[in-house]
Structures are given as C-alpha cells and as structure tokens.
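> Okay, here's the structure, questions in a sec.
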Amino acid sequence: MRHLMSPLDFTTQELDRLFDLANDIEHNKEKYAHACDGKILATCFYEPSTRTRLSFESAMTRLGGRVIGFSDAGSSSASKGESVSDTIRVISCYADICAMRHPKEGAPMVAMERSLIPVINAGDGGHQHPTQTLTDLLTIRSLKGSLGGFTIGLCGDLKFGRTVHSLIHALVRYEDIRFLFISPEELKVPDYITEMLKNKDIPYEEVTSLEDVMPRLDLLYMTRVQKERFFNEEDYIRLKDFYILDTAKMELAKPDMLVLHPLPRVNEISVEVDSDPRAAYFKQAQYGVYVRMALILTLLELA
Ligand code: CP
C-alpha cells in the first residue's frame, strides 16, 4: 500500500506517469467517469481549506466515487481529545483512501503509520503540501512543455509557505533550474533549504526587489504572507503587503513568463493581473483536480 507524504515519495519517472495520466483525464473525462465506482474518499481536514478539500472531493466525484469527512477539527471527535492515530484507524473502516490536512507538522505521517488505507498529506503545518506541488508541477509541465531549463522566482512568505518548501524539493530533481528567492529579510527561505541547494550545487539568489529580477524570470510563483503562522500580529501587518504584483510590474516581465500562485491570494496579486494571458493561477487550480484524480487512481491501484 502506498501513501503520499512528500512529493519525493514518487520518482521523477513515476511523476511523469502520473502527469501523463492527469493530461489523459483532462482530455478524456468520460473514460474515467466510473473508474472509482463504489470507492469512498475520506477528507479529514483539521485546518481550513477551499481548494485542496474541494478539489479532492471534486476529483473523487468525477471518478464516480463518494466522499465522507469533516472540514473542521471542532466538528470531529478531535475536539473531545481523540488522537490522529485512533481517528485514522476508525476512518480505515469507513473509507478506501484518506486525504488529511493538519496544523501540526508530521500529523499525516503519524496517521499513515496506523492506517489500513492510503493516506495523502493534504498539508501539514508549515512543513509540506505535496498535492499542491503535484498541481504546480503538472501546471508547469503542461503550460511550459517541460520541467527543466528555467529560472523560477519564488516571492513572498518563503519562511512559512509550505507550498514553496515542497516545490523547491521537487524541482531540484530536474535539470537546469535556477532559483530566485524574493522576500523580506524576516521571511527568507529557511537555512536548511539553502544548505540543500548549496550541497547539490544548484544556483540560487536571495533578493528583496521583485522589480529588479522580473525581466529574468520564466516563472513567478507568488505566495501570500501566512497570517496563521505568525506569533505577532504587528509583524504580519507590517509584512503583508510587502509585494503586490500589478500591471506595471508585469510590463517588466518576459512575454511568455507565467505567474503561478497556490491561492488563496490576499493582496499580493492585483485583480487587474487576472486578465493578463500570463496569469496561470486559475488554470493551476483546474490542474489540481486532474492531478488529484490521477493520484487517487494511482494510490488505489486502479490506473
Ligand atoms: N492552495 C491551497 O492549499 O488552498 P486551500 O488552503 O484553500 O486548500
């Protein structure tokens, strides 16, 4: 039985197969409409979500399966003190596969160890968000044609943003990738990530000005400042609007640069950018359904 805790759980060859399947699903939806007939997905979300939970639910429904679950720890028996280990042992009696989001780093891993069904990490604290990474990689591969040979700027909250950490770990396995980390000093990418890049001899720069590096980027991955991970509200207020991508900044970019964002956005991308053909973040959300359909089929060994 396979689980998904990190994007590195799949080899790059396995990821290629997963993305080929997701692209086939995109173009042949009817072929998969009953692939999960009789199967049940449990969505156990101890932390808020719109995209991840609903795209999982949409994915399973589009495959012909059904969904059970909770969207708030307060409405589950976690509020009475039940452990994640006991919860997953019980969920294993009710469902065939489980997607779990939890505010504590490592909680889905604890669940995986006790589970009788495949567990998917749907985001654990500031640690990892592997299915967002699968979404990001599928979007890049589908819209850019490959997963190598580009300069990617990651901008915003690089300290707490788990999507950023997962994406960097996934991208270092591909050829000829250059990273530009664009953040205020307080929200720099963690040292363990820059150490990993140094050890692998992968080029990266850390800068604060988005305008200065815009002309060099093939991809710009914007992120929101993660309010929920700040200890101090004053710091959040000071940093939350540090970067705002607007049409003036887009004019500095290459004509084929793509803007990605895991969403939700707050202020970091002006709505005026949405009509720019280089704005790919809503397409990215759509790819999130196809890749989760492919993942469910793969973990249930139905593909
Ligand atoms: N991208 C993402 O994880 O969004 P949600 O928090 O809405 O699931």
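> Order the following by accessible area, largest value first: LYS227, LYS144. Probe radius 1.4 Å; ligands, DNA and RNA are ignored.
Descending accessible area places them as LYS227, LYS144.
> With just the Cα atoms defining each centre, how far is region 164-242 from region 94-153? Give it in Å.
19
> For LEU143, LEU187, write out the residues from largest to smallest accessible area, computed with a 1.4 angstrom probe and no ligands counted.
The ranking, largest first, comes out as LEU143, LEU187.
> Give me the accessible area per residue for the chain, probe 1.4 Å, as a whole number in Å².
Accessible surface, normalised per residue, equals 44 Å².
> At 0.36 nm per residue, minus the direct Cα-Cα distance, what do ARG17 and LYS198 gain on full extension? Give it in nm, one decimal, please.
Separation in residues times 0.36 nm, less the Cα-Cα distance, equals 62.2 nm.
> Can I ask one more? When the expected Rg is taken as 2.2 N^0.38 Å, what fraction or multiple of it is the alpha-carbon Rg of region 134-245?
So the Cα radius of gyration is 1.05 times the expected 2.2 N^0.38 Å.
> Continuing with the same structure: By accessible area of protein heavy atoms, probe 1.4 Å, what ranking do ILE193, ILE68 get, highest first?
Largest accessible area first, the list is ILE68, ILE193.
> Give me the extension gain from HIS27 to PHE282: residue separation times 0.36 nm, minus the current Cα-Cα distance, reported in nm with one decimal.
Stretched out fully, the HIS27 to PHE282 stretch lengthens by 90.0 nm.
> First obtain the Kirkwood hydrodynamic radius of region 1-158 from its Cα pairs, then insert it into the Stokes-Einstein equation at 25 °C and 0.890 mPa s, and state the resulting D in µm² per second as a whole number.
Translational diffusion coefficient: 147 µm²/s.
> Kindly state, to the nearest 0.05, the FRET efficiency for LEU116 paired with THR61, given R0 = 25 Å and r defined as their beta-carbon distance.
Efficiency, rounded to the nearest 0.05: 0.60.
> What lysines sit close enough to LYS188 to cross-link, taking a C-alpha to C-alpha distance under 29 Å and skipping anything fewer than 8 places away on the same chain?
Output for LYS188: LYS104, LYS144, LYS159, LYS198, LYS200, LYS227, LYS240, LYS249, LYS254, LYS283.
> Which of the helices in the chain meet the span-like rule: DSSP H, Cα axial reach of 18 Å or more, Kyte-Doolittle mean at least -1.0?
Counting only whole DSSP H runs, the qualifying helices are 12-27, 130-144, 281-299.
> For GLU82 and LYS254, compute 0.36 nm times the residue count separating them, minus their Cα-Cα distance, and round to one decimal in nm.
Length gained, GLU82 through LYS254: 56.7 nm.
> Additional query: Percent of accessible area on the chain owned by carbon and sulfur, 1.4 Å probe?
49
> Turning to a different aspect of this structure: Please report the relative contact order for the chain, taking Cα pairs under 8 Å with a sequence separation of at least 6, and give it as a percent rounded to a whole number.
Averaging sequence separation for qualifying contacts and normalising by length gives 20 percent for the chain.
> Separate question: In deg cm²/dmol and to the nearest 500, what is the mean residue ellipticity at 222 nm of the chain if only DSSP H runs of at least 4 residues count, each as -39500 (n - 2.57), divided by the residue total?
So the calculated ellipticity at 222 nm is -11500 deg cm²/dmol.
The values are calculated or read from the model by the stated rules, or taken from the named source; none is laboratory data. Remember, predicted model here, so these are calculated numbers, not experimental data. No Cβ is skipped: glycine too gets one built from the backbone with ideal geometry, and neighbour counts run over all protein chains shown. Calculation scope for accessible area: heavy atoms of the full protein, side chains included, ligands and nucleic acids excluded. Shrake-Rupley method; radii C 1.70, N 1.55, O 1.52, S 1.80 Å.
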